[in-house]
Structures are given as C-alpha cells and as structure tokens.
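Just so it is clear, none of the values below were taken in a lab; they were calculated from the coordinates. Computed from a predicted structure; not experimentally measured. No Cβ is skipped: glycine too gets one built from the backbone with ideal geometry, and neighbour counts run over all protein chains shown.
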Amino acid sequence: MTATERLPPLEEERVSAFLAQATDLYPAVSAAGFADIRDDLARLGLTPGDAVLVCLPNGLPMVGTYFAALLQGLVPLAVAPSTPAARVRALAERLQARAVVATRVEPARYGARRSYPVGNCHAAVLDARESTPYRAGDVLLLTSGTRGMFTACVHRVESLLRNAQRHSASVRLSGRDVVLVTLPLYYSYALVAQVFAAYVRSAPVVISGPPFSPAAYHQTVERHAVTHSSLTPSIVRQLLARPAPHALRAGVLTVGGDRLAPEEVGALLAARPDGELYLTYGLTEAGPRVSTLAAHDEPAVRHASVGLPLPGVRAFLRGGTGSDGSGELLVESDTVLVGRIGEDRSADSQVLVGPNVIATGDVFHIDDDGYLYFRRRLSDFLMVRGEKVSLNSVRQAAHTVPGVVHCAPRPAVADDGSIVFDVDVTVRRPGSDAEQAVRQALTTLLMPWERPRRIRVHAAGPDAFRK
C-alpha cells in the first residue's frame, strides 16, 4: 500500500467523532449515544470473533451498532430489517452467529431465552458454540444475490476500508463533502462505498430511507447542502421521469448496482449540466468496488462502459469467446473476500480462483484502452422491480417443504411490462394443500420482492428425485 493509501485507524475516538457529525433524518428508534451502544453490546458476554446479525433500519443506531461491534472484535453482518424471523434464525444457524440485534426482538423466535438492551434496540443472544469460524477483524457481507439466501462473504475490515478509500478517490469524495445515504445499508454499495468512504475521508453523512421518494430526495439534497449521493439505476429512472429541480443539477452523483443504458446516461448528464456523474461497477465478493467511469468527462461512445479499474485492481478475462473477445471478468485485488461461508457445497461455481483473484460471473468486453463493458451475467438471477433476486434462493426456500422434489423459477413479463417470475414446483404427493404449503414457505423465508407471481404445482413422475 502506498503512502497515499495510508488508512485512518478504526478507533473509538474517530468513530465517535464521525457519528457525532452524522444526521439521521428518519430515525425508527431514538438514537442512543454511541457510548451506550458500545457498553450494552459489551455486556452481552460475546467474545472476539463472534458473529452478530445487525437487523436494523437505516439510521444512527444501525451504524453505531455496526462500528461498536467492529471495535469490540465482533463480526457484524448487516441484514435487511424486514427479513422474516425464520430466515434470520436459519441464517444465524448457517453462519454460526451468536447474537441478533433488532429494533424489537422476540427471543423465542430465534431460539433464545431472553432479550437484552443495546442502546434503544434489543439483542437476542444465541446458544454458544464450541468455536467460531471467524476472528476479530472479520466482516460478513451477504453475497451479491446469486449464491443463495444463506451465503455470506468473509472480508477483513481493513480491506473494506482500503476499498472505500480507493473508491472515494475515484469519485472525488473529500472531507468537505456532505454524503447522503439513501440506499439500504445492508447493501455493500451503501455500507462500504458511502459510510466507510465517508469515514475514511472524515465527511459528514446524512442518513435517509428507504423507501426512496424523488420529492424527499430533492428536498434533502437542498436542505442539507448535500454534495455527494449514490443511487441505483432503478432510482435514477424515477428521477428522470420527473422534471429535475435545481437541487439535482450540481454536486456528485454515483450510480451502481446495475447497468444504466447509454441513452439514460446522456439524459442524466443533460439533467445535471453542472454536476459530476460517476458510473461504478462492483460486487460484494470484490470488496466491493471494482471500476469507475467519470461519465461527465467521457465522450458519449463510452457511456456504455463502467470505466477503468480502481488503483490496485487488475481486471482481465477468461474464456473469451464472444465476437468482440468478451469473456468472464476476473478481478485481482487485495480487497477481495477471504472466503465464503454458508454456501451449498453442491454449487458448481467457484469464486476464488487464485490468490486474491475472483471470478465475477459477469461477461465483459475490455477495449484497447482498458475500459470495461458489461455484456451479461452468467449465473441465474433476475432484476425484479429494481431488486436483485437470486433464483437459487427461491429454489432453496421451496425445498424446505417436505415432498418438494423440484423447483423451476421462470422469468415472465407483467402486464405493466416489468420483469416478474413464476415458479413450477414438483411434489411427490400433490393435493389441495400443496400450493398453500409452498406459498407459505416462500412467504416465510423470502423477501417480498423475491416471491413469485404464480406457483404451479405438478405431480412428480416415478423417476423424480430430491434435489
């Protein structure tokens, strides 16, 4: 690491100062002081290396709990607060977590005996295990939506901070900026590329949403003098559908999480004549950001690109078979994951393919100047109403129902033109309650956007087998 990459320490004094200058716009619970959160977390009796699921909405309690866990050598995993309790419990068991922190906790639903206060939130402490697979300084991040619902990446906190510093340099983030966080903090894009990036640059953060509202976004940008925000393409499309007020015209906007079409990039640049626009690419396994395109400084011919790799990142292809030499993108960096936990060992994919090298599962073209152009995804996921849905997670949920021998999700188009999916389920003993049992399982384990539009139940043939 060069001198210019020297990272600020993760220490209590700096974290306290960072949280003190943060603004929480829509607190779901009153924000306790960081010292109270820290002390309450310490009273849970956890030891360094113990994993903690942080199931809190965007806000200072979530960020404070996350940083307090890191400072105590615990291993945090941010989880969507709307995640069904059955899924959280299964996730905790699969990942060998020791505690769950949420706004409200019913201990019995997680297999615990009682709850404990953590600031103004609560924690359930799970049964102790003989050993933990983690060590102090590890961080868990849920995978990029393609590996199943119970799989997490294991990272080192210093590598995430290093990735945040490199990304923040590529999008010109400094301590003079005000960073608006509107994306869910259980996404690595918001957690690392915004909160960690703001931390390493000593920039104040304004924490909002979800849900996202164009009107609220514009008001927040103007009222809090926001200079830096990050959005997904689906949110950008909401903004482009409305006349852009003055607040949208200046400052820095970064876009990631999916691909913007070149014509949408052009429209966004036209709507923000005085602003900077950065298109970014990344995935959780990479730690997470990989490349950046300063679209406002590039000709229109490059608006289909996600730019050049960050410093310290090497991107190259394998299996180049496309007419333009496209192939699967491999990424080499000292910020990639150190391992995965909880995955189905029968999966035929391998992420770590060499020392500090991952296979992304994305097909890219790289031009002669080194710019990256996304072509398609290799693994099976869908973008449903702006959310990444792992079809493998849907299959896993269906197979929790006794008698289910096969589950086949099928993409479809809704009446309004949006992408949805239906599911064909094969069962050993079909009956009037088979569809109800499958639907109940999917409702219990899946997030609302992961649930199929329709479920069709079929009888298994004599040669059917349990997947």
Looking at the chain, send over the antiparallel percent of its DSSP beta bridges, to the nearest 5. 65
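With n ≥ 4 as the cut-off for DSSP H runs, can you work out [θ] at 222 nm for the chain, using -39500 (n - 2.57) per run divided by the number of residues, rounded to the nearest 500?
Working: 11 runs with 108 residues, N = 467.
About -6500 deg cm²/dmol.
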Simple label model, 7 Å out from Cα along Cβ direction - residue 428 to residue 238, nm: 4.5
The range 256-269 - phi-based ³J(HN,Hα) in whole Hz, Karplus 6.51/-1.76/1.60, Gly and Pro as x: x, x, 6, 9, 8, 5, x, 5, 6, 4, x, 5, 5, 5
Using Cβ contacts closer than 10 Å as the measure, can you line up 383, 62, 447 from fewest to most? 447, 383, 62
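So for the chain, averaging the separation of alpha carbon pairs under 8 Å that are six or more residues apart and normalising by length, what relative contact order in percent results? Spell out each step's value before the answer.
Working: 1003 pairs, mean separation 55.9, N = 467.
The value is 12 percent.
Subtracting the Cα-Cα distance from 0.36 nm times the residue separation, let me have the gained length for residue 274 to residue 447 in nm, one decimal.
Between residue 274 and residue 447, full extension yields an extra 58.4 nm.
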Residue by residue through the range 159-167, which ³J(HN,Hα) values in whole Hz follow from phi under the Karplus form 6.51 cos²θ - 1.76 cosθ + 1.60 (θ = phi - 60°), with glycine and proline marked x? 6, 5, 5, 5, 5, 4, 5, 5, 5
Exposed loop GluC sites (Glu not before Pro) only (DSSP loop, at most 12 other Cβ atoms within 10 Å): please give the longest stretch of the chain free of them, not including the sites. 131-467
